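Notes follow once the structure below has been shown.
Bear in mind these aren't lab numbers, they're just calculated from the coordinates by the rules spelled out. As the structure is a computational prediction, the values presented were derived from the model and not from experiment. Glycine gets a Cβ as well: all are built from the backbone with ideal geometry, and neighbour counts include every protein chain shown.
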Amino acid sequence: MSEYVIDDRTVPRFRVNRKALVDQEVLELEKSKIFDKSWLYVGHDSEVANPRDFRARNVGGRPVIFVRSDDGRVRVFMNTCPHRGTTLCQEPSGSARFLKCYYHAWTFDNAGRLVSLPDEESYGPTFDRENLGLAPAPRLEQYAGFWFLSFDPDIVDLRTYLAGAGEYLDLVADQGASGMTVVPGSQDYSTAANWKLLVENSMDGYHGAPLHQRYFEMVIDAGATFNVTKSRGLDLGNGHAVVITNGELGRPAPPELAPLVDAKRGELVARVGEERAAKMHGTRNLVIFPNFALVDLVGAITIRTFFPVRPDYMEVTAWELAPADEDPRLRRTRADSFNTFWGPAGLATPDDIEALQACQRGFAAHREAVWSDISRGLGTESPTANDEIQMRCFWRRWNELLTGERPIPEPQAPLEPFAASVAAG
Amino acid sequence: MSTVDESRATLSGLRLEIEEFLFAECELIDAWRLDEWIELFSPFGRWLVPGPTLPDGDPNETLYLIDDDAFILHHRVNGLLGRTAHAERPKSRVRHLVGNVRVRPAEHEQISVRANFVVHRTRASITHAYVGEYQHLLERGGPLGFLFVERRSVLDHEALQPQSSISFIL
């Protein structure tokens with residue numbers, strides 16, 4: 001029996017021991033058994049749209065270079081010179097034909113090959129230039145424009161790993177007639193709390209009404225009529241989960257943009273059909289195990305990753321994803337929706353950050369208040385967005401990787417489509 | 001006095017007026033007198049905080065942290081003064097330092113203002129500093145002599161680490 005997770009179907013009750021959110025030893029196990037053995041999000045195809053485009057960022061605790069080489073292929077290299085270790089890219093983004101280390105002038109092309117270095121002759125005939133290129137990420141694959149890497153060379157392919165989550169990435173990726181793009185810029189922030197709290201918070205409908213009251217008051221004042229009548233939490237396999245609803249939770253577009261909104265909906269229906277367009281309507285909070293969240297909730301889409309620096313401190317990066325070639329007036333409305341809800345300076349996320357930090361402060365009493373209860377909806381086959389199956393999926397997979405205990409999935413009723421068409425929804 | 005001296009004196013006088021305005025504005029913010037602070041915006045005035053990775057970005061093209069029009073500002077202030085802004089219950093202690101004030105006349109009798117800021121925010125016994133430059137556009141009017149056409153707080157930080165968030169008025 002795991003010391004961290006109690007998954008008792010007889011009561012029924014699901015509990016997590018709070019030491020999982022506090023102990024340094026747990027974090028060390030997570031690094032080797034989870035982060036080094038999973039697919040981790042690197043970036044979106046649109047961030048390296050052109051050959052020579054690169055991004056330098058941290059993934060899984062390593063500095064990496066995400067680049068599209070001159071041959072058009074996307075690659076990821078460890079951002080460290082093979083000679084003595086200097087980081088090669090000091091800028092967070094740019095365009096480069098060559099990467100030259102400023103320490104000893106070793107120069108690499110954007111496919112990672114060592115192409116020149118001063119005084120190569122002195123190394124003699126045994127110098128192994130072929131094998132002194134940049135160290136690539138062991139595995140790199142993309143799905144629907146989302147690039148993931150793994151530090152486990154033997155991991156199963158990404159599509160298999162994604163299991164049921166692939167469909168939900170598709171429902172977002174297909175929203176743009178010319179594909180999707182990351183809006184330039186990112187929101188990088190921290191939270192003084194364990195990273196797993198943000199997994200939970202990213203797909204937790206239950207906190208919406210109490211915690212985000214000030215956001216919803218604003219949206220109501222802007223003329224929104226909440227029309228969420230159906231919701232569902234779904235186990236997507238392999239620790240991934242999603243909560244979906246049939247409504248809209250964002251600030252309505254200004255009335256003068258109604259013709260643009262209708263035209264966009266018409267284009268979507270013509271391209272993907274009524275039934276799929278109806279599926280793409282509504283909201284989705286998706287987490288891909290272990291640390292990638294995509295939330296399409298308030299008329300704007302955020303994608304975020306987060307990584308533990310310490311058990312009580314994580315670093316978060318969030319981006320805005322939007323249809324490429326979107327009409328500038330719709331993009332402006334989308335930005336307003338994004339800024340008011342998402343991001344560490346809006347009317348919602350700061351309250352989430354505060355709540356998570358307050359949980360972490362409370363965990364100092366974890367020897368006395370030992371368990372977190374994550375039982376909502378346990379025993380029902382159609383849990384709603386306000387239930388907690390989505391968190392239990394994460395914790396069961398987490399528990400399996402840390403302790404070897406095989407999880408028993410909860411029985412799920414088949415998902416009935418919320419509507420045959422947007423009009424019917 | 002030469003015209004160079006005259007214009008320098010005029011600019012110095014203007015800078016003094018603007019400094020006094022900025023000090024009074026920050027006093028309102030630090031005292032959480034936000035219902036008075038919001039009166040310092042012109043009707044179409046906005047508060048902008050660019051995304052820290054692209055401090056010179058256009059709000060129509062890049063991701064911002066804050067891009068509040070009057071409607072959102074009103075809700076932000078109401079939430080902070082009420083009981084629904086959980087990130088500020090209890091209220092943080094906030095202290096603005098404003099310096100290196102530079103002013104320049106702009107079009108339409110507006111005034112372009114640049115100033116350096118350091119804001120310390122204390123919450124749950126932890127103090128964080130936020131450093132950056134104000135880039136405001138002001139016009140004359142309002143209860144303190146000037147109104148914000150555009151209030152812009154540009155952070156020097158590349159990330160809100162370890163600050164985590166901006167839940168107060170920066």
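Here are some notes:
- Cβ neighbours within 10 Å from other chains - mean over A:177-183: 1
- FRET efficiency estimate (nearest 0.05) - Cβ-Cβ, A:ALA105 to B:VAL131, R0 45 angstrom: 0.80
- For region A:147-161 versus region A:326-362, the spacing of their alpha-carbon centroids is 31 Å.
- Gap separating the Cα centres of region B:47-125 and region A:226-241, nearest whole Å: 36
- Per residue, the convex hull around the alpha carbon atoms of region A:201-342 comes to 135 Å³.
- For region B:1-77, alpha-carbon Rg and Dmax in angstrom: 16.9, 50
- q = 0.07 Å⁻¹: log10 I(q)/I(0) that the Debye formula gives for the protein assembly as shown, counting C-alpha atoms only: -0.47
- Rounded, prolate or oblate (a/c below 1.5 giving rounded, otherwise prolate when a/b exceeds b/c) for region A:234-284 by Cα gyration tensor: oblate
- Across region A:369-425, the volume of the C-alpha convex hull divided among the residues equals 116 Å³ per residue.
- GluC sites (Glu not before Pro) lying in DSSP loop within region A:319-425, provided at most 11 other Cβ fall within 10 Å: A:GLU368, A:GLU381
- Share antiparallel - DSSP beta bridges, chain B, percent rounded to 5: 90
- Positive-pole candidate from A:ALA318, A:ALA96, A:LEU236, dipole of the protein assembly as shown, charges at beta carbon: A:LEU236
- Zone of A:ASP325's modelled label, taken as backbone nitrogen in region A:171-196 under 12 Å from a point 7 Å along Cα→Cβ: A:176-180
- Each Lys and Arg adds +1 at its Cβ and each Asp and Glu adds -1 at its Cβ; summed about the Cα centre, region A:293-425 shows a dipole of about 220 debye.
- Under 13 Å, Cβ to Cβ, from A:TYR189 - net charge with Lys/Arg +1 and Asp/Glu -1: -4
- Unit Cα scatterers, Debye sum, region A:1-125: log10 I(q)/I(0) for q = 0.10, 0.11 Å⁻¹: -0.50, -0.57
- Cα centroid separation - region A:279-307 against region A:75-112, whole Å: 32
- Rounded to the nearest 20 debye, dipole of the protein assembly as shown from Cβ charges on Lys, Arg, Asp, Glu: 920
- A simple charge model with +1 on the Cβ of Lys and Arg, -1 on the Cβ of Asp and Glu and nothing else charged puts the dipole of chain B at about 760 debye relative to its Cα centre.
- Cβ-Cβ distance of A:ARG310 and B:ASP5, R₀ of 56 Å, FRET efficiency by 1/(1 + (r/R0)^6): the value works out to about 0.45.
- DSSP loop chymotrypsin sites (Phe, Trp or Tyr not before Pro) with at most 14 other Cβ within 10 Å excluded, longest remaining stretch of chain A: A:227-425
- Cα-based shape type of region A:13-61, given that a ≥ b ≥ c are square roots of the gyration tensor eigenvalues and the cut on a/c is 1.5: prolate
- Cα lying deepest toward the dipole's positive end in the protein assembly as shown, options A:THR86, B:ILE166, A:PHE289, charges on Cβ: A:PHE289
- Inverse mean reciprocal Cα-Cα distance (Kirkwood Rh) of region A:136-257, Å: 17.9
- Checking Cβ-Cβ separations below 4.7 Å across chain A identifies A:CYS89, A:CYS359, A:CYS393 as cysteines lacking any candidate disulfide partner.
- DSSP assigns beta bridges within the protein assembly as shown; of those with both partners inside it, close to 95 percent run antiparallel.
- With respect to chain A, whose longest principal axis is taken over its alpha-carbon atoms, helix A:349-362 is tilted by about 90°.
- The Cα trace of chain B gives Rg and Dmax of 16.5, 58 Å, the first to one decimal, the second as a whole number.
- In chain A, Cα pairs under 8 Å separated by at least six residues give a relative contact order of 20 percent.
- Checking the Cα-Cα distances for A:LYS37/A:LYS100; A:LYS230/A:LYS279; A:LYS31/A:LYS196 against a 22 Å cut-off, the pairs over it are A:LYS37/A:LYS100.
- From the C-alpha gyration tensor of region A:190-280, square roots of 5λ in Å: 28, 21, 12
- Bins of 5 Å, starting at 0 and running to the largest distance - Cα pair percent for region A:71-148: 3, 13, 24, 24, 17, 10, 6, 2, 1, 0
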